[in-house]
1. Please give the helix 217-226 orientation as an angle from the longest Cα principal axis of the chain, in degrees from 0 to 90, rounded to the nearest 10.
2. Out of all DSSP beta bridges in segment 1-46, what portion is antiparallel? Express it as a percent rounded to 5.
3. Rank the residues His165, His302, His221 as a footprinting-exposure proxy: fewest other Cβ atoms within 10 Å of their Cβ go first.
4. With the crude spin-label approximation of a point 7 Å out along Cα→Cβ, what separation in nm comes out for Phe236 versus Lys210?
5. I want the antiparallel fraction of DSSP beta bridges within the chain, as a percent rounded to 5.
6. Using mean Cβ contacts within 10 Å as the protection proxy, how do 196-202, 207-213 order, highest first?
7. Among Lys246/Lys291; Lys23/Lys141; Lys55/Lys77; Lys37/Lys64; Lys49/Lys210, which pairs are too far apart, with a Cα-Cα distance over 22 Å?
8. To the nearest 20 Debye, how big is the dipole of the chain about its Cα centre, given +1 on the beta carbon of each Lys and Arg and -1 on that of each Asp and Glu?
Amino acid sequence: MRIVFMGTPEFAVPSLESLVNSKYEVVMVVTQPDKPKGRGYKVCCPPVKQFAMSKGLPVFQPEKIGEPSAVRKLAEKNPDLFVTCAFGQFLTTDVLNIPKYGTVNVHASLLPKYRGAAPINWAIINGEKKTGITTMMTVLKMDAGDILLQEEIEINDDMTAGQLHDRMSVLGAELLIKTIRKIEEGTIERIPQNESEVTFASRITGMTGKIDWNSTARQIHNLVRGTNPWPGAFSFFKGERMRIWKTRILNETKTPELKPGTILEITKEGFTVQTGGGLILVSEIQCDNSKRLTTCQYVCGHCVNVGDCFGE
C-alpha cells in the first residue's frame, strides 16, 4: 500500500516511524513549512521533517495543501491512502478525493469528545480520568469523520500534559498500524460519531494557564498539570509573574477563611495555599528570566511570609 503521510509536530513522529518500519510504502511526507523559532528567530524545520530526512523520505512543505500545484504533486504519487496526524492544515475536497482508500486521521481523544487543536491539554484541565486515541476517516468538517478504531488510556492524578502526550503518541502509532491492516483486509468498520456528544478542545494560548485562586484546589491542580510543559500555569506574586509547575491537593473541602491565594504555611515541602475550595501545596515555581526552583530553594533568596498572597 502506497501511503502519503501528513504531520508536523513531535506527536506525529512515532506514527510516521511505525509506517516506515512496516511493510507499507511511505511515498511522500507532507509537513508544514519551516518557521522561525526561539529568541533568535532561527528558522527551524518541523520534527516530522527532521525524521523524514533522516530516513531519506521525500518531503513536501506546501503553504496551502489545497492549492492546485500541491494537489497535482500529491496525485502524482498515486497514493492508496493518506494518513494525517497533527498536520495543521485542513484538507480540501480535491485533496481528499485523491487516495483510493481515503484519508485516515490519528486524533488524540476519544471522539466525539475533544475535537480540535488541544485535546490532550483539555482532557487534563477538565479533570478527565481517561482519554484515548481515535483513528477516523477525514472529512471536510473538523474531526467529524467516521470512527475506525479507539483505544483508551487512563489519566492519573499527577500526570502532566507532556507525559500524556508522550504515551499517546506511541499508542497512536500502534493503533494506526492496526487500522491500516484492517483497511487492507477489508474488515474495518466505520462508526458515525454521535453529534449530541461532541465537545471541543480549543487552541491553548499563553493566557490559558492563568490561575484563578477562587477556583477549587482540584481545578487549579488540573490546570497546572494540563499546561505543563507549555505554556505553564502562572500567577503573580509581589508584582512578579510566577509560573507554578508542581502542586499537590491537600484538602478539597476546607472553606476559605482568608482570601484565596493566601499562603497559610511554609514548609520544606512547599507553600500551603488557600483556594476557593480546599488547600493546595505549591512545591515548584519559576519566575520570569529565572530557572525552575523548589519553593524551598526560592525562600532561601526571597522574602516569603505566611499571609502573603498570590494574584497580587
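Please treat every number below as a calculation from the coordinates, not as lab data. Since this is a predicted model, take the numbers as computed values, not measurements. Neighbour counts are summed over all protein chains in view; Cβ atoms, including those assigned to glycine, are modelled from backbone coordinates with ideal geometry.
1. The angle comes out at about 40 degrees.
2. 40
3. Exposure proxy ranking, most exposed first: His302, His165, His221.
4. Reported label-point gap for Phe236 and Lys210 is 1.0 nm.
5. In the chain, approximately 65 percent of DSSP beta bridges are antiparallel ones.
6. So the peptides 196-202, 207-213, ranked by packing, come out 207-213, 196-202.
7. Over 22 Å apart, Cα to Cα: Lys23/Lys141; Lys49/Lys210.
8. So the dipole magnitude of the chain works out to roughly 720 debye.
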